[in-house]
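Please read the structure below before turning to the comments.
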C-alpha cells in the first residue's frame, strides 16, 4: 500500500475522539474527523463546538473535517467517500461519538433518554459500521482493516443512575462481537475499547449528575488513583487501529485504569 493509512473518526471535536485524531495524525495517518458540533435539546450539557473541530485541520495537513450526526448514515457514508476520494481508501474507522444521560433509576428514565442513548451510542456505532465496513473491505488483500468502537467501563459493571447508559454501552460490546463474526477471515478486525473515568466534558457532566464538586471522586475506584487523560485512552485506540493488534478481534481493550478490576 502506498500513501498514509486512512481513518474516519466520529466524535472527533473533543475528548477521546479528538485525542485519537491527534494521535493518529502524529503517527502519519490521514484522518477524516467527524462531529455534530451542535447542541442537542435532548442532551442537558453542551456538546462540541465547530471551532474545536476546525482546530484539527489547523494542526494537521492530512486531517479533513466534516460536521455530521452519527444518526445520519448517509452523512457517514459521505465522510467515508471523502476518505476514499482524497486519500485513496480506508483502513480504520473509530466510533467515538457518544452521549451520557441518566440520574434516575432505570424504570424512571424517560423515553427520550432511552431513545437518545440508543440512537447515538448504539445506532451511531452501527451506522459507522454500515458506512465504513464496505470501504474497509475494498482494500486489497492482504488487508489490515480495523473497526474500533468506544464502549465504556459502564458496559461491564452497573452504575447508579446510569442503567440506560450501561445498557447502551453493553450493546456496543455485543455489536463488536457480532461484527467480528461477520468479518471472519476478511482481514478486518472489530475491537471495542472500554475507558474508565477520563478527563472529558462527559465526565464533568457525570460529576454534575452525581452532584459532585469535581471529577476526581469518580475515579476513586481506578487503580491509577486519578482520572485518565484522553491521550492515554487514545494511545490504546491508536494501537487497536494498527496492524500490530492482529491477534485481537471481537475483543475488548479495558483502558480503564483498573476501574473494572
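Nothing in this text is a laboratory measurement; each read-out follows from the coordinates by a stated rule. A quick note: this is a predicted structure, and the numbers were derived from the prediction, not measured. Counting neighbours? That spans all protein chains shown, and the Cβs are built from the backbone with ideal geometry, glycine included.
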Calculate the length of the line joining the C-alpha centroid of the range 74-106 to that of the range 110-136, in whole Å. 9 Å
At a 10 Å Cβ-Cβ cut-off, how would you order 94, 32, 43, fewest neighbours first? 43, 32, 94
Counting other beta carbons within 10 Å of each Cβ, put 2, 57 in order, fewest first. 2, 57
Taking the chain as the reference, fit the longest principal axis to its C-alpha atoms, fit the long axis of helix 163-182 to the helix C-alpha atoms, and give the angle between the two in degrees, 0 to 90, nearest 10. 20 degrees
Residue-span extension gain [residue 157 to residue 217] - 0.36 nm each, minus C-alpha spacing: 19.9 nm
Could you give log10 I(q)/I(0) at q = 0.20, 0.28, 0.32 Å⁻¹ for the range 165-215, computed by the Debye formula over C-alpha point scatterers of equal weight, without solvent? -0.76, -1.03, -1.14
Measure of compaction for the range 92-195 (Cα Rg per 2.2 N^0.38 Å): 1.16
Run the numbers on the range 6-253 and let me know its relative contact order in percent, using alpha-carbon pairs under 8 Å that are six or more apart. 20 percent
Proxy exposure order for 107, 239, 160 (fewest C-beta within 10 Å first) is 107, 160, 239
Could you give the nm distance between label points at residue 58 and residue 81, where each point is 7 Å from its Cα heading toward the beta carbon? 3.0 nm
How much space per residue, in cubic angstrom, does the convex hull of the C-alpha atoms of the range 1-97 take up? 81 Å³
Give me the Debye-computed log₁₀ of I(q)/I(0) at q = 0.12, 0.14, 0.15, 0.16 Å⁻¹ for the range 6-253, equal point scatterers on Cα only, no solvent, two decimals. -0.63, -0.86, -1.00, -1.14
